[in-house]
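Working notes, structure below.
The values are calculated or read from the model by the stated rules, or taken from the named source; none is laboratory data. All values derive from a computational prediction rather than experimental measurement. So basically every Cβ, Gly included, is an ideal-geometry build from the backbone, and we count neighbours across all protein chains shown. These accessible areas exclude ligands, DNA and RNA; they are computed on the full protein's heavy atoms, side chains included. Shrake-Rupley method; radii C 1.70, N 1.55, O 1.52, S 1.80 Å.
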Amino acid sequence: MARFKKKNKTAPARPVKNQPSVDHITGQKIPKSFVFSRGKLPGPLRDLELDLRKLMLPHTALKLKEKKRNKLKDFLNVAGPMGVTHFLMISNPKSIPHLRVARTPQGPTITFEIHEYALAADIARSQARPSCPKELFSNSPLIVLSGFGSGGQHLKLTTIMFQNIFPAIDINTIKLSSCRRIVLLNYNNETKLIDFRHYSIRLQPIGVSRRIRKFVQKHEVPDLRNLQDVSDFVTKAGYGSESEADEESATVSLASDIGRVNRASTKSAVRLQEIGPRMTLRLVKIEEGLCSGAVIFSEFGKEADDAHEEEEEED
């Protein structure tokens, strides 16, 4: 008689746990974002798009799939149910890269020209000891704005937009261990350019040699073959290189323990390491709606804006 094979029962798929939409400490809505392109982009700009997605982690769609036939309303229809509050759109009209930052669903929209940019991979290649572990992106970055207070209404709107694109923090309840990255935007009033930088934050205890610090952090067995005594491992190690000299202006007193080396009530040096991407932006336009509506601010005049809109529609 023929035997029938028993079909293995497949385990039911586990539902994906959605990220919370409200901060349980501050009670405020957590901003979420989509980073996508409009029109055709060359390879380097595609890489910049991926770098920006990584920068916006964890509250963004890292693997957002785009299709050529997708319209802006397609992203908007998905954004509502997913709680997405901001769009970051990269375009390349007339071979001039642009970045648009928009609040959903009704705007406003801020358009920047990307004068210069460097990818995260380029910055890592330029460093002697690049470091960018995955743990850095488990929490949103802090944001620091400099030079925006001396401008007009358009700079105030830009400040509000960038402040709201990342979750708000409460200095009384925030954990120091969650502050691993920082985004710095500096506005130059003379050139009207914005320097966009992305750094990782590291703490190093003062008065602890590099060998001892690595031994405690990585738990690796030290190489003692060329030493006469174990004490030489501590005394011969020194207290850091010249580039890691302790500066009083760059030290902080910790309120709680961070890792195995940085202990509470001790001083640690704050080190910033650029991880990219890096951009030089110029604010060119602010629209009242979502990529439409009345123009609140224009750097080049209405005629140039109309021509720019026609080029983007063609793309």
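Sort through 138, 126 and tell me the only one that's under 18 Å from residue 201 (Cβ atoms), hydroxyl-bearing (Ser, Thr, Tyr) and surrounded by fewer than 14 Cβ atoms within 10 Å (Cβ to Cβ). Give the derivation first.
Details: 126 fails: under 18 Å from residue 201 (Cβ atoms).
Exactly one of 138, 126 is under 18 Å from residue 201 (Cβ atoms), hydroxyl-bearing (Ser, Thr, Tyr) and surrounded by fewer than 14 Cβ atoms within 10 Å (Cβ to Cβ), namely 138.
How many residues, within the range 87-142, are without any contact (Cβ under 8 Å) to a residue 60 or more places away in the chain and part of a helix (DSSP H, G or I)?
Selection size over the range 87-142: 4.
Among the residues of the range 95-123, how many are crowded, with 19+ Cβ neighbours inside 10 Å, in contact with a helix residue (DSSP H, G or I) (Cβ under 7 Å, 6 or more places away or on another chain) and under 12 Å from residue 275 (Cβ atoms)?
Residues in the range 95-123 being crowded, with 19+ Cβ neighbours inside 10 Å, in contact with a helix residue (DSSP H, G or I) (Cβ under 7 Å, 6 or more places away or on another chain) and under 12 Å from residue 275 (Cβ atoms): 1 in total.
Pairs under 6 Å by beta carbon, first residue in a loop (DSSP other than H, G, I, E, B) in the range 145-166, partner of a type outside the set (S, T, N, Q) and open to solvent by 20 Å² or more (accessible area, probe 1.4 Å), six or more apart or different chains?
147/187; 148/187; 166/143
For the range 39-86, what are the residues that are under 22 Å from residue 278 (Cβ atoms), open to solvent by 40 Å² or more (accessible area, probe 1.4 Å) and outside any loop (DSSP other than H, G, I, E, B)?
43, 44, 46, 47, 50, 54
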